[in-house]
Amino acid sequence: MHGPVSAAWLLVALCGATGAYCLLRLRSGVEEQRRAAGGEALMGFGMAVMAVPAAVFTPPRWAWPVYTAVFGAAALRALWTARGVPRHLHHLVGSAAMVYMAVAMAGAPPAAHHAHGGGVPLVTGALLLYFTGYVLLAGARLVPATGTADAADPARWGDRPELARACRLSMGIGMVTMLLTM
């Protein structure tokens, strides 16, 4: 990621914390939470590593094909999972966006990431529109309809769906940020 170093470190922290929480969700007693948590943890940690400022660490050339393979496999898994459950298509779009960014980073020299010259590429623009809409919708869904949360809810904090939605929202914000800096 190329941009302000302080913003990059904030993105690393946000995505890393999100990935860690998603790992904790793998131990959830709720099957739906466990099913989505692994892919979301991969996405959080992958985004955190990709967001490390280039001034601190420049990945070797072989890292980008590895990113492409890992997130390509995650995209295929998301495609398989989404066969009958359309709401899983978001995981497919997220994995595909990671593949797109890895390919873009692999194909351009470091200096080229700072100057686009011809405006925003079509795929980047489409992904920005998608993730911006996702962030707005996910943020609106976090607002409780009743105005207060039920403090007597016996669910463990790792099983709370609103925390999972907040993690997805934070990864969506991270994705918008990363796409803007491409």
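The values are calculated or read from the model by the stated rules, or taken from the named source; none is laboratory data. As the structure is a computational prediction, the values presented were derived from the model and not from experiment. Because the Cβ atoms are built from the backbone with ideal geometry, glycine has one as well, and the counts that use them run over all protein chains shown.
Which residue is surrounded by the most Cβ atoms within 10 Å (Cβ to Cβ), if the candidates are limited to the stretch 1-30 and must be among the small types (Gly, Ala, Ser) and touching a Lys or Arg at 6+ places or on another chain (Cβ under 8 Å)?
Restricting to residues being among the small types (Gly, Ala, Ser) and touching a Lys or Arg at 6+ places or on another chain (Cβ under 8 Å), the top hit is Ser28.
List the number of the failed condition for Arg34; all other conditions in (1) charged (D, E, K, R); (2) assigned to a helix (DSSP H, G or I); (3) out of contact with any Lys or Arg (no Cβ under 8 Å at 6 or more places or on another chain) hold.
It fails just one condition, (3).
Tell me whether the stretch 116-130 contains one or more residues that are surrounded by 19 or more Cβ atoms within 10 Å (Cβ to Cβ) and modelled with pLDDT of 85 or more.
For the stretch 116-130, residues surrounded by 19 or more Cβ atoms within 10 Å (Cβ to Cβ) and modelled with pLDDT of 85 or more: present.
Looking only at the stretch 1-16, which residues are in a helix (DSSP H, G or I) and of a type in the set (Gly, Ala, Ser)?
Ser6, Ala7, Ala8, Ala13, Gly16
Can you list residue pairs whose Cβ atoms sit under 7 Å apart, with the first residue in the stretch 92-106 being surrounded by 24 or more Cβ atoms within 10 Å (Cβ to Cβ) and the second being outside any helix (DSSP H, G or I)? Count only pairs 6 or more apart in sequence or on different chains.
Final answer for the pair search is Met101/Met182.
When you go through (1) aliphatic (A, V, I, L, M); (2) farther than 19 Å from Val176 by Cα; (3) out of contact with any helix residue (DSSP H, G or I) (no Cβ under 6 Å at 6 or more places or on another chain); (4) part of a helix (DSSP H, G or I) one by one for Leu24, which number turns out not to apply?
Going through the list (1) aliphatic (A, V, I, L, M); (2) farther than 19 Å from Val176 by Cα; (3) out of contact with any helix residue (DSSP H, G or I) (no Cβ under 6 Å at 6 or more places or on another chain); (4) part of a helix (DSSP H, G or I), Leu24 breaks only (3).
Which one of the conditions (1) within 16 Å of Pro161 (Cα to Cα); (2) part of a helix (DSSP H, G or I); (3) touching a residue at least 60 places away in the same chain (Cβ under 8 Å) does Gly19 fail to meet, given that it meets all the rest?
Single failed check for Gly19: (3).
Just give me the residues in the stretch 65-87 being surrounded by fewer than 16 Cβ atoms within 10 Å (Cβ to Cβ) and charged (D, E, K, R), in sequence order.
Arg83, Arg87 - these are the residues of the stretch 65-87 that are surrounded by fewer than 16 Cβ atoms within 10 Å (Cβ to Cβ) and charged (D, E, K, R).
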